[in-house]
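Student: I have a structure here, written as structure tokens, and I will follow up with some questions on it.
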Amino acid sequence: MPYELTNSPDSYAFPQPAWYAIYTRHNHEKTVAQILTNKGLEIFLPLYATAHRWKDRTKLLSLPLFPCYVFLKGGLDRRLDIVTTPGFYALVSSAGRPATIPPNEIETIRRAVKSGARVNPHPFLKCGERVRVKCGPLTGAEGILVRKKNLCRLVISVEMLGKAVAVEVDAFLVEKVSRNRPSGSVIGRRAFPHTYSSTVPPLPSGL
């Protein structure tokens with residue numbers, strides 16, 4: 001069963017701040033998410049369950065769907081609280097500014113994690129059969145349909161990061177859609193981490 005770590009409020013009555021992506025040091029996603037949550041910031045860290053086998057046992061692990069990334073909603077007015085967090089490496093930026101993540105991409109990933117379907121990281125796809133889910137927990141979600149044997153997976157992308165996840169879907173629940181990309185699309189161009197500290201920390205190990 002997939003998991004997620006989030007401290008999202010229940011009320012959405014007011015205009016919402018933009019979402020951003022924090023680039024963390026290797027294996028520090030949960031630490032960063034927990035500390036920033038304790039600081040009162042709204043964090044989204046989507047997780048998935050996977051079995052890890054050792055010689056003598058098998059253990060179910062909860063791992064980040066986007067390794068080395070944590071999503072932050074607003075909060076840039078508290079930049080010092082963010083950049084001084086242990087495990088923080090950088091804010092993902094584009095053209096020298098913090099890059100915003102479309103809220104519909106965050107919401108689709110959130111719904112995929114909560115749907116109860118199997119969710120896993122997946123290679124980023126630039127093209128393919130684009131579909132929309134017609135009914136069920138993921139109604140309205142769009143992505144690229146990948147077929148493998150008798151399984152169908154909906155690949156959901158965070159285009160600014162050049163990252164994606166896949167969730168299992170039934171083929172009869174989706175319909176083809178045509179999508180015209182707006183001019184100036186960022187697809188195929190990955191935003192890069194940008195540090196706001198005066199001293200650039202070393203690259204995270206294991207990358």
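Student: Just subtract the alpha-carbon distance of Leu173 and Arg97 from 0.36 nm times their residue separation and send over the number in nm, one decimal.
Tutor: Value of the extension gain: 23.5 nm.
Student: Which ³J(HN,Hα) values, rounded to whole Hz and listed in residue order, are derived for segment 128-133 from phi using the Karplus coefficients 6.51, -1.76 and 1.60 in 6.51 cos²θ - 1.76 cosθ + 1.60 with θ = phi - 60°, glycine and proline given as x?
Tutor: Once rounded to whole Hz, the list reads x, 7, 7, 9, 10, 6.
Student: Separate question: Applying a 10 Å radius around every beta-carbon, put 70-81, 125-136, 16-27 in order of their mean neighbour count, most first.
Tutor: 16-27, 70-81, 125-136
Student: Would you kindly derive the ³J(HN,Hα) couplings of segment 135-150 from the backbone phi angles with the Karplus curve 6.51 cos²θ - 1.76 cosθ + 1.60 (θ = phi - 60°), listing them in order in whole Hz, with x for Gly and Pro?
Tutor: Computed from phi, the couplings for segment 135-150 are 7, x, x, 9, 3, x, 5, 10, x, 9, 7, 10, 10, 9, 6, 9 Hz.
Student: Sort the following peptides by mean Cβ neighbour count (other Cβ atoms within 10 Å, averaged over residues), highest first: 143-152, 47-56.
Tutor: So the order, starting with the most tightly packed, is 143-152, 47-56.
Student: Next question, about the same structure. Note down the relative contact order for segment 103-182 as a percent, whole number, built from C-alpha pairs under 8 angstrom at least six residues apart.
Tutor: That works out to 33 percent.
Student: Between Ser115 and residues 5 or more places away or on another chain, which pairs have amide H atoms under 5 Å apart, with H built 1.01 Å from N, and which residues are they?
Tutor: none
Student: Let's test the formula: R0 of 22 Å, r as the Cβ-Cβ distance of Ala18 and Lys126. What FRET efficiency results, to the nearest 0.05?
Tutor: 0.35
Student: Hey, what's the Kirkwood Rh for segment 103-182 if you take every pair of different alpha carbons, in angstrom?
Tutor: 12.5
Student: Oh, and also: Can you give the alpha-carbon Rg of segment 18-111 over 2.2 N^0.38 Å, where N counts its residues?
Tutor: That works out to 1.18 for segment 18-111.
Student: Please list, in order along segment 104-116, the HN-Hα scalar couplings obtained from phi with the Karplus expression 6.51 cos²θ - 1.76 cosθ + 1.60 (θ = phi - 60°), rounded to whole Hz, x for Gly and Pro.
Tutor: Going residue by residue, I get 5, 5, 4, 5, 5, 5, 4, 5, 5, 5, 7, 5, x Hz, with x marking Gly and Pro.
Student: Quick one: which residues, 5 or more positions from Ala141 or on another chain, have an amide H under 5 Å from its amide H? H modelled 1.01 Å from N in the peptide plane, none for Pro or chain starts.
Tutor: Placed amide hydrogens put Val133 under 5 Å from Ala141.
Each value in this text was obtained by applying a stated rule to the coordinates, not by laboratory testing. Note that this is a predicted model, so its numbers are computed, not measured. Positions of Cβ are generated from backbone atoms using ideal geometry, with glycine treated the same way; all protein chains shown enter the neighbour counts.
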